[in-house]
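Below is one structure; the comments refer to it alone.
Readers should treat all values here as calculations from the given coordinates under stated rules, not as data from a laboratory. Please read these numbers as outputs of a predicted model, since none were measured by experiment. For neighbour counting, all protein chains shown are included, and Cβ atoms are generated from backbone atoms with ideal geometry for every residue, glycine included.
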Amino acid sequence: MINTTNSLKGIVFACITAVMWGVLAVALKVSLNNLSPVDITWFRFSLAFFGLFIFYYFRKPTYLKIIRRPPLLLIIASLCLAVNYYGFIEGVHLTTPSIAQIFIQTGPVLLALSGFLFFKEKIVLRQIFGLLLVISGLILFYHEQMKLLHNQIQYYQSGIIWVFIAAFMWAIYTIFVKMLIQKYPPMQLNLVIFGLPVLLYMPLVHFSGFLHLSLIDWLIIVFLGLNTLIAYGTLSLAIKHLEANKVSVIIILNPILTFMIMGILSSTDVTWIQKEHFTLTGLIGAFVVLAGAILTILQPIRRK
């Protein structure tokens, strides 16, 4: 009964993370109407860091000690996530939310491959098949989008490169965090992971841009900051109550929500976000990518 309850909690927390990340790409695209990618990235990290800092200042002040002398691996992980955030929003900026969401799924696939290459994990035929599906789906999806966006190929290709960089950095970040959580609580690590990018991006921020935001614009960027804090918080709780590979399967489905939102918005007369065009071939390619990613990240069943 206890295990069932814990599993249910893990599923709920993983679903919250998936919803947060599914909405994220759409909210990022809207926020880019008024702010630059650097401005938004800095604000997201700032709100998440100060929210976490204030919480632990009153609840667990001892957690703040990690800020004074962070481990080297934690510094590298933080820098990787900083690049991941910027790379993803730049990809959303140059392409579309749905396109960025499909190509960012290479992150979990790269993470799974790192287990085979660096941690001597056993690879099974199902995972090889999944990897081939991911590659095939990406090629199909890319080719279809190239036909739809023939007037914006240069921006599209640059955006895809940024998303691939973001995915690669996320995989490295996750590897280092998996090492660090053996010694530190996940949310304590986030104090440095969120805090260091605030300092890194601050010299590049155009603070004057925040002075001209409307109430709606402020609500959107505040949501983006809270999204960072909530998504990574629920992700930590999900992994605590549920096996990591099951959590990954739930979270990797978040592009479906992005596609649904963009499909609804594209069928209306809204002007505050760029409309997307979907074809059956493109949707099949996206589905193949997600199916292949799930097959790749699932760990082989160990027999007792």
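Some values worked out for this structure:
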item: Sorted by Cβ neighbour density within 10 Å, fewest at the top, the residues Val163, Val12; result: Val12, Val163
item: Spin-label pair Gln152/Lys178, simplified geometry with 7 Å Cα→Cβ offset, distance in nm; result: 3.5
item: Residues Ile135, Ile89, sorted so that the one with the fewest Cβ neighbours within 10 Å comes first; result: Ile135, Ile89
item: Kyte-Doolittle mean at least 0.5, axial Cα span of 24 Å or more - DSSP H helices of the chain; result: 2-31, 37-59, 72-94, 125-148, 153-180, 215-241, 280-297
item: Which of Ile181, Phe141, Leu253, positive extreme of dipole for the chain (C-beta unit charges); result: Ile181
item: Proxy reagent accessibility, fewest Cβ within 10 Å first, across Thr279, Thr258, Thr96; result: Thr279, Thr258, Thr96
item: Computed over the chain: relative contact order in percent, which uses C-alpha pairs under 8 Å that are six or more apart; result: 43
item: Correct option for Kirkwood radius over Cα pairs in Å [calculated from the coordinates] among (1) 20.8; (2) 22.8; (3) 20.0; result: (3)
item: Size of electric dipole in the chain: Cβ of Lys, Arg +1 and of Asp, Glu -1, about Cα centre, debye, nearest 20; result: 1440
item: Estimated inter-spin distance, Phe50 and Trp218, nm [label 7 Å along Cα→Cβ]; result: 1.3
item: Mean-position separation - Cα centroids, the stretch 239-262 and the stretch 125-196, in angstrom; result: 14
item: Extended-chain gain in nm, criterion 0.36 nm per residue less alpha-carbon gap, Ala291 and Ile75; result: 74.4 nm
item: Helix-only mean residue ellipticity at 222 nm for the chain, each DSSP H run of n ≥ 4 adding -39500 (n - 2.57), per residue, nearest 500; result: -26000 deg cm²/dmol
item: Highest-MSF residue in the chain out of Asp269, Asp39, Asp217 [GNM, Cα springs under 10 Å]; result: Asp269
